[in-house]
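Worksheet for the structure shown next.
Just so it is clear, none of the values below were taken in a lab; they were calculated from the coordinates. Note that the coordinates shown come from a computational prediction; the quantities given were computed from them, not determined experimentally. Note that each Cβ is placed from the backbone with ideal geometry, even for glycine, and that neighbours are counted across all protein chains shown.
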Ligand code: PLP
């Protein structure tokens, strides 16, 4: 009641705006991260570690737009450099701009295995492109992903595609045939992955295995330390490409991303979010030069060997310059390490609070990706779909309520269960956040 009272009395402008939105915007909310219990907040300003809503309430912002802003929100020095590029050329021309190249070069500097890079419009698009590229390069048909992993919302890779061997979740509007060539392996189950690779030999072979290297859902179910190396070996054994979806981990786990963190080299890397420093049109695919050749277009596209990817606003000067300047600034300031230390401090503090109250919760992190699980079902049982659906529903409701409680105490999270720290999270910000969590837990 205290929480609902907060929204009733302190968030009147947000309520008015989001009530109005219900008449013109389906469901009254556009963004899948706009936390909507009891209704979404309408944002007025954001800077660094904080954001201010339309009612003037200030929050510690651990959503950080879902992960792209490793330097912190609305980062002035990058904004100024981007503005200069846009002043000169506008945000888009459709021709070539040097910042497209500068972005590919700086990615290669920190991720040497990204020998060539193709800028696209989002993580979703980049995953689609990587899968298409893998099929074109290998001539094989099947793709394997890990159950529970999120790779955007395309028909073939949608989240909760299906629980293996049974039926699908979250897949309304997707015809069954669209997912016929995508198979899901249980998280962290190398034996099952191998069986699927063997079975796929009779289905046209496996073009690629796609993983989130930290584990499904940005490491909500953390992968064992040697998992990626073992998947790499299996891919080599079966002639499948290994695709790392580094939309979240790229630059966040370090400038070398998860590949650097785990010391495993994928064939293709999907980037998003931080690759345009929080500016729109964040996404691209890069990797081995021989594989990336299938993305050739324009000058060498006349052979007909290339595949079609990209669109009107892909690889525009604004996104590419923003990515280039943001990566340069992250390197100069050591932002991923600073954000990671903030994540460690937040996680340690949360676990101390959990222990002191004797709560059935758990906090864990991979650097600046922090998980706070209050449902007691952290490791959802992927083998029991009925139980999974039931638990997931109950979990979602509880986490939503916890998220609302955090918000009412001045902390924005991703759906009540995940937090992204940034370079702006000083010890003081983290300690302030912990004092607020203390009040919620109490
Ligand atoms: N892959 C992963 C691991 C993601 O977390 C996301 C988005 O959260 C995507 C792909 C999709 O990226 P986008 O939202 O830019 O389409």
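A Förster radius of 22 Å, combined with the Cβ-Cβ distance separating residue 441 from residue 55, puts the computed FRET efficiency at roughly 0.30.
If you take the Cα centroid of the stretch 180-228 and the Cα centroid of the stretch 249-272, the two points sit 17 Å apart. As a size descriptor, the averaged projected area of the C-alpha convex hull of the chain was calculated at 21.2 nm². Each listed q (0.19 Å⁻¹) maps to a log10 I(q)/I(0) for the stretch 31-93 from the Debye sum over equal C-alpha point scatterers, namely -0.83. Based on the Kirkwood approach, the hydrodynamic radius assigned to the stretch 205-343 is 16.3 Å, with every pair of different Cα atoms included.
PRE reach from residue 115 (point 7 Å along Cα→Cβ): which of the stretch 225-252 fall under 15 Å by backbone N? Backbone N within reach: 242.
Run through every distinct alpha carbon pair of the stretch 1-147 and return the Kirkwood hydrodynamic radius in angstroms, one decimal place.
Result for the stretch 1-147, one decimal place: 19.5 Å.
Here the spin labels are modelled as points 7 Å beyond Cα on the Cα-Cβ line, and at residue 1 and residue 356 they lie 2.8 nm apart.
For the stretch 76-332, what is the Kirkwood estimate of the hydrodynamic radius, computed as the reciprocal of the mean inverse distance between distinct Cα atoms, to one decimal in Å?
Details: mean 1/r = 0.0542 Å⁻¹.
Here the Kirkwood hydrodynamic radius works out to 18.4 Å.
Comparing mean-square fluctuations of 133, 27, 287 from a GNM of the chain with C-alpha springs under 10 Å, the top value falls on 27. Of all DSSP bridge pairs formed entirely within the chain, close to 60 percent run antiparallel. Taking 172, 140, 273 in turn, the Gaussian network model of the chain (Cα-Cα springs below 10 Å) assigns the largest fluctuation to 172. Spatially, the stretch 42-74 and the stretch 307-360 are offset by 14 Å when compared through their Cα centroids. Entry for the stretch 92-158 at q = 0.22, 0.24, 0.27 Å⁻¹: log10 I(q)/I(0) = -1.08, -1.13, -1.18, Debye formula applied to identical alpha-carbon scatterers, no solvent contribution. For the pair residue 233 and residue 153 in one chain, pulling the backbone fully straight at 0.36 nm per residue adds 26.0 nm over the alpha carbon distance.
Spin-label model, residue 96 to residue 47: label points 7 Å out along the Cα-to-beta-carbon direction sit 4.0 nm apart.
The modelled label-to-label distance between residue 16 and residue 88, using points 7 Å beyond Cα along the C-beta direction, is 4.4 nm. Using the Stokes-Einstein relation with a Kirkwood hydrodynamic radius computed over Cα pairs, the translational diffusion coefficient of the stretch 186-239 at 20 °C and a viscosity of 1.002 mPa s comes to 185 µm²/s.
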